[in-house]
């Protein structure tokens, strides 16, 4: 199988707990940008088993602690691209854990809504 994740060199893996593993993204959005990947070759979050979803969730928390220690981010984005029209470029499920840093963009308001740039900004409430 010609899959970058299925054929990943073991030295690139920074975390592993069956049935998932993790590595740093080779095209990081920010320092510490991490990918959590299923060992099983599946293309979508919607193909995961309960065990895989729990392992991903547990890994997010464990990796967040590691990233907090190593990079001291100010926030996080967690994301999954499912399908080409949603931006998926590798047909093997992977979850992005992206550390965010104060000032890494002028106005982060709207966060993940930025996947469609014209929809990212919406009215701010006074208490927001």
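The values are calculated or read from the model by the stated rules, or taken from the named source; none is laboratory data. Keep in mind that this is a model prediction, so the values were computed, not measured. When we count neighbours, we look across all protein chains shown, and the Cβ atoms used for this are built from the backbone with ideal geometry, even at glycine.
Here are some notes:
- Residues of region 87-100 satisfying the condition of being touching a helix residue (DSSP H, G or I) at 6+ places or on another chain (Cβ under 8 Å) and either modelled with pLDDT under 95 or assigned to a loop (DSSP other than H, G, I, E, B) (or both): 87, 93
- Residues that are in a loop (DSSP other than H, G, I, E, B) and either on the phi > 0 side of the Ramachandran plot or in contact with a helix residue (DSSP H, G or I) (Cβ under 6 Å, 6 or more places away or on another chain) (or both) occur at least once in region 101-120.
- Residue in region 54-72 that is touching a residue at least 24 places away in the same chain (Cβ under 8 Å) and either in contact with a helix residue (DSSP H, G or I) (Cβ under 7 Å, 6 or more places away or on another chain) or in a loop (DSSP other than H, G, I, E, B) (or both) present: no
- Scanning region 31-53 for residues that are touching a strand residue (DSSP E or B) at 6+ places or on another chain (Cβ under 7 Å) and in a helix (DSSP H, G or I) returns a single hit, 52.
- Considering region 73-102, and only residues there that are in contact (Cβ under 8 Å) with a residue 60 or more places away in the chain and closer than 15 Å to residue 21 by Cα, the residue that is farthest from the chain's Cα centre (by Cα) turns out to be 92.
- Within region 9-27, the set of residues being in contact (Cβ under 8 Å) with a residue 24 or more places away in the chain, closer than 18 Å to residue 80 by Cβ and outside any strand (DSSP E or B) comprises 19, 25.
- Subset of region 73-86 [assigned to a strand (DSSP E or B) and in contact with a helix residue (DSSP H, G or I) (Cβ under 8 Å, 6 or more places away or on another chain)]: 76, 77, 78, 79
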